[in-house]
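Student: One structure, pasted below without further comment.
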Amino acid sequence: MAACIFCKIIKGEIPSMKIFESDKVFAFLDIGPLSKGHSLIIPKHHGAKLTEIPDEQLSEILPVAKRIAKALDCPDYNVLQNNGRIAHQVVDHVHFHVIPKPNETEGLGISWPTREANKDELAKLLDEIKAKF
């Protein structure tokens, strides 16, 4: 946690282009944006993955993301949150991106390689998830 770049930003040890701050949330412009207005919203509670953040510390995240999206006035945008290296997480502090998509070339590019689902396997998976939920 002491070496976490986002924790340092929250503490003011590293400067940021702050958009919003509350007791639970800090939002700022990304310094390596995919498009104009690319923003990050982070909980002040440190945790590497979403499952490590207490629910009450997440309560403002999506409302703040929504307010940023409205302020950017871009009709198309992505809200993204990654967990773990193979899921493309680079900073080990939960963070949500709001990435405007002003045209086909700017913003986030996504490949979505869908596959045919087996209904019996899906039903079994559904039962397993519900049992653990």
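The values are calculated or read from the model by the stated rules, or taken from the named source; none is laboratory data. Note that this is a predicted model, so its numbers are computed, not measured. Ideal geometry is used to build each Cβ from the backbone, glycine not excepted, and the neighbour counts take in all protein chains shown. Ligands, DNA and RNA are excluded from the accessible area calculation, which covers all protein heavy atoms including side chains. Shrake-Rupley method; radii C 1.70, N 1.55, O 1.52, S 1.80 Å.
Student: D76: acidic (D, E) and farther than 23 Å from G12 by Cα, yes or no? It would help to see each step written out before you state the result.
Tutor: On the way: acidic (D, E): yes; farther than 23 Å from G12 by Cα: yes.
When the stated conditions are applied, D76 passes them.
Student: Filter region 16-45 down to residues that are touching a strand residue (DSSP E or B) at 6+ places or on another chain (Cβ under 9 Å), aliphatic (A, V, I, L, M) and assigned to a loop (DSSP other than H, G, I, E, B), then give me how many there are.
Tutor: The first filter runs over region 16-45 and keeps only residues touching a strand residue (DSSP E or B) at 6+ places or on another chain (Cβ under 9 Å), leaving 16-21, 24-30, 33-44.
Subset that is aliphatic (A, V, I, L, M): 17, 19, 25, 27, 29, 34, 40-42.
Imposing the further condition that a residue be assigned to a loop (DSSP other than H, G, I, E, B) reduces the set to 17, 34.
Of the residues in region 16-45, 2 are touching a strand residue (DSSP E or B) at 6+ places or on another chain (Cβ under 9 Å), aliphatic (A, V, I, L, M) and assigned to a loop (DSSP other than H, G, I, E, B).
Student: Looking for whichever is more than 21 Å from C4 (Cβ to Cβ) and modelled with pLDDT of 95 or more here; the options are L72, L80. Which one fits? If you could, list the steps in order and put the result at the bottom.
Tutor: Details: L80 fails: more than 21 Å from C4 (Cβ to Cβ).
After ruling out the rest, the residue left standing is L72.
Student: With respect to I86, determine if the residue is under 15 Å from F6 (Cα atoms) and open to solvent by 80 Å² or more (accessible area, probe 1.4 Å).
Tutor: Working: under 15 Å from F6 (Cα atoms): no; open to solvent by 80 Å² or more (accessible area, probe 1.4 Å): yes.
Judged against the criteria, I86 is not a match.
Student: Please name all residue pairs, on different chains or six or more residues apart, with Cβ atoms under 7 Å, provided the first residue is in region 1-22 and is farther than 19 Å from V64 by Cβ and touching a residue at least 12 places away in the same chain (Cβ under 8 Å) and the second residue is surrounded by fewer than 10 Cβ atoms within 10 Å (Cβ to Cβ) and of a type outside the set (S, T, N, Q).
Tutor: Listed pairs, sorted by first residue: none to list.
Student: For region 50-85, how many residues are farther than 23 Å from S35 by Cα, without any contact (Cβ under 8 Å) to a residue 40 or more places away in the chain and assigned to a helix (DSSP H, G or I)?
Tutor: Going through region 50-85 one residue at a time, the tally reaches 4.
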